[in-house]
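No value in this document is a laboratory result; all are computed from the given coordinates. Since the model is a prediction, treat every value here as computed from it, not as a measurement. Neighbour counts run over all protein chains shown; Cβ positions are idealised from the backbone, glycine included.
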Amino acid sequence: MDVRTLLVEYAEQPISTQILLTILKDYKRPYDKIMELVNQGDLIQLRKGLYMITTSISTNRPEPFLIANHLFGPSYVSLDSALYYWGFIPERVFEITSVTSKIAKRFIVQNTVFSFTHLPLTYYPLGIKSIKLTDEQTILIASPEKCICDKVLTTSGVNLRSKKQAMTFLVEDLRMEKDRLRELNLREMLKWLPVCPKRPSTKNLIEAIAEL
């Protein structure tokens, strides 16, 4: 069967070198074939060892959030990308923002920036949701509560010393709607306080939302 036909099965997923080697098992020099597929525009190299097919093979593509999950891990989509996804900030975000327990990283793939911000391992795994975008694509993304906390924790210079400061940050700086903030699960957020890097700021954030 033609290699391009076999690759169609992986149209909605980033493809690892291991999968490509399985597809190209009948080739004597499979790594050369991978480079040929890249050079002729059938594959895009996302990073070393990770690829995706191009529209020359299929119009189906992996969603940017799924690419982010695979590009660097462990990680989950968060911060501005997740806030926009959940409808908490009005401006569309063009950089794909994620959180990782590893060191911070930044990739540029086809003019799209994928950034990964570090947060401590003790706090990292809380509030992560698995969301099915399509039948073939499931992503890891911060819950609305987690991405708001992540935003406070990772924004340089943000130190919410009072409930008033917290509300100003949410409503004026981030332009969040109070009605959306009232939907948040504050009990869940309170569970995270013991391991939050900016515990006083997060506490003031939760208390400010609770008074809405």
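Through the Karplus equation 6.51 cos²θ - 1.76 cosθ + 1.60, θ set to phi - 60°, convert the phi angles of region 41-49 into ³J(HN,Hα) values in whole Hz; use x for Gly and Pro.
x, 8, 10, 10, 7, 6, 6, 4, x
Let's test the formula: R0 of 45 Å, r as the Cβ-Cβ distance of GLU63 and LYS178. What FRET efficiency results, to the nearest 0.05? Numbers along the way, then the final one.
Numbers: r = 30 Å, r/R0 = 0.67.
Efficiency for this residue pair is about 0.90.
Given only helices, namely DSSP H runs of n ≥ 4 each adding -39500 (n - 2.57), what is the per-residue ellipticity at 222 nm of the chain, to the nearest 500 deg cm²/dmol?
Working: 10 runs with 76 residues, N = 212.
Value at 222 nm, helices only: -9500 deg cm²/dmol.
Over the chain, calculate the relative contact order: mean separation of alpha carbon pairs under 8 Å at least 6 apart, over the residue count, as a percent.
Values: 324 pairs, mean separation 32.8, N = 212.
Reported relative contact order: 15 percent.
If I fit a long axis through the Cα atoms of helix 30-39 and take the longest principal axis of the Cα atoms of the chain, what angle between them do I get, 0 to 90°, rounded to 10?
Approximately 70 degrees, to the nearest ten.
Read through the labelled values (i) 8, 31, 29, 17, 11, 5, 0; (ii) 9, 36, 39, 15, 2; (iii) 8, 30, 33, 20, 8, 1, 0 and report the label of the one computed as P(r) over Cα pairs in 10 Å bins from 0, in percent from the structure.
Computed from these coordinates, P(r) over Cα pairs in 10 Å bins from 0, in percent corresponds to label (i).
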